[in-house]
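Undergrad: For reference, the structure I am asking about is given below.
The values are calculated or read from the model by the stated rules, or taken from the named source; none is laboratory data. Fair warning: this is a prediction, and the values are worked out from it, not measured in the lab. Neighbour counts are summed over all protein chains in view; Cβ atoms, including those assigned to glycine, are modelled from backbone coordinates with ideal geometry.
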Amino acid sequence: MGLILNRPNGRIGAPEIASFLDISVEEIENQDLVVHNGGPVDIARGFILHSTEYDKGHESAVLPGCCLSLSMETLQDIATGKGPKSYFLALGYAGWGAGQLEQEMTTHGWLLADATTSLIFSTPDELKWSQALASLGIDSNMLSANSGNA
């Protein structure tokens, strides 16, 4: 499984989160909560990537400095300003069957780049794709959406 990191949902904001958590919008200190489309699978399931200084004992480390949580408590803490310093909220995930991703990798359907906390938490959504490519030494401006035959 994986999470798409650069697609804000655009339909879910502070009022919807407040309603979901059964709290008033006024209780949400950070009105700039952004929920992302994490992928097309199980779009009602929430995922939270967050910095490691926040530890409630139900997180899973996914890379140095970054944990994954599925906890409502974590979401409530974020909404009320008591959560981690850095976080990324997503609904849904990208998933593959056994061997499917490996097969897609052999046909160059994917490029593999290391995730970093800077890419996840600090890079604006519209720059994440080009920054991930740059980490591989690829200039996104040199890519073409068109292909042909030689």
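Undergrad: What number goes with the only condition from (1) surrounded by 14 or more Cβ atoms within 10 Å (Cβ to Cβ); (2) free of Cβ contacts under 8 Å to residues at least 24 places away in the same chain; (3) over 21 Å from SER118 (Cβ atoms); (4) in contact with a helix residue (DSSP H, G or I) (Cβ under 9 Å, 6 or more places away or on another chain) that ASP77 does not pass?
TA: For ASP77, the failing item is (4).
Undergrad: Identify all residues within segment 42-60 that are free of Cβ contacts under 8 Å to residues at least 40 places away in the same chain and loosely packed, with under 14 Cβ neighbours inside 10 Å; write none if there are none. Write out each step before concluding.
TA: Step one: of segment 42-60, the residues free of Cβ contacts under 8 Å to residues at least 40 places away in the same chain are 50, 52-60.
Answer for segment 42-60, where residues must be free of Cβ contacts under 8 Å to residues at least 40 places away in the same chain and loosely packed, with under 14 Cβ neighbours inside 10 Å: GLU53, ASP55, LYS56, GLY57, HIS58, SER60.
Undergrad: While we're here: Tell me which residues, restricted to segment 7-33, are in contact (Cβ under 8 Å) with a residue 60 or more places away in the chain and touching a strand residue (DSSP E or B) at 6+ places or on another chain (Cβ under 9 Å).
TA: Across segment 7-33, the qualifying residues are ARG7, PRO8, ASN9, ILE12, ILE17.
Undergrad: Would you tally the residues in segment 128-150 being loosely packed, with under 13 Cβ neighbours inside 10 Å and touching a residue at least 40 places away in the same chain (Cβ under 8 Å)?
TA: Qualifying residue count for the region: 0.
Undergrad: Given ASP125, ASP114, which one is touching a strand residue (DSSP E or B) at 6+ places or on another chain (Cβ under 9 Å), loosely packed, with under 10 Cβ neighbours inside 10 Å, under 30 Å from ASP32 (Cα atoms) and not aliphatic (A, V, I, L, M)?
TA: Working: ASP125 fails: loosely packed, with under 10 Cβ neighbours inside 10 Å.
Answer to the check: ASP114.
Undergrad: Among the listed residues LEU101, LEU63, LEU68, which satisfies the condition of being touching a residue at least 40 places away in the same chain (Cβ under 8 Å) and either out of contact with any Asp or Glu (no Cβ under 7 Å at 6 or more places or on another chain) or surrounded by 11 or more Cβ atoms within 10 Å (Cβ to Cβ) (or both)? Break it down stepwise before answering.
TA: On the way: LEU101 fails: touching a residue at least 40 places away in the same chain (Cβ under 8 Å); LEU68 fails: touching a residue at least 40 places away in the same chain (Cβ under 8 Å).
Going through LEU101, LEU63, LEU68 in turn, the sole match is LEU63.
Undergrad: Can I ask one more? Considering only residues that are assigned to a helix (DSSP H, G or I) and under 15 Å from ILE4 (Cβ atoms), which ones fall in segment 105-126? Walk me through how you get there before you give the answer.
TA: Start the filter on segment 105-126 by keeping residues that are assigned to a helix (DSSP H, G or I), which leaves 105-106, 117-122, 125-126.
Within segment 105-126, LEU119, ILE120, ASP125, GLU126 meet the criteria.
Undergrad: So is ALA113 at pLDDT below 90, over 18 Å from PRO8 (Cα atoms) and not hydroxyl-bearing (Ser, Thr, Tyr) or not? Give the steps one after another, and end with the answer.
TA: Details: at pLDDT below 90: yes; over 18 Å from PRO8 (Cα atoms): yes; not hydroxyl-bearing (Ser, Thr, Tyr): yes.
Yes, satisfied.
Undergrad: Of all residues in segment 127-148, which are under 18 Å from LEU3 (Cβ atoms) and part of a loop (DSSP other than H, G, I, E, B)?
TA: Scanning segment 127-148 gives a single hit, SER135.
Undergrad: Could you tell me whether SER69 is within 16 Å of the chain's Cα centre (by Cα) and hydroxyl-bearing (Ser, Thr, Tyr)? Outline the logic, then answer.
TA: On the way: within 16 Å of the chain's Cα centre (by Cα): yes; hydroxyl-bearing (Ser, Thr, Tyr): yes.
Considered against the rule, which asks whether it is within 16 Å of the chain's Cα centre (by Cα) and hydroxyl-bearing (Ser, Thr, Tyr), SER69 comes out as yes.
Undergrad: When you scan segment 21-34, do you find a residue that is in contact with a Pro (Cβ under 9 Å, 6 or more places away or on another chain) and closer than 26 Å to LEU111 by Cβ, even just one?
TA: yes
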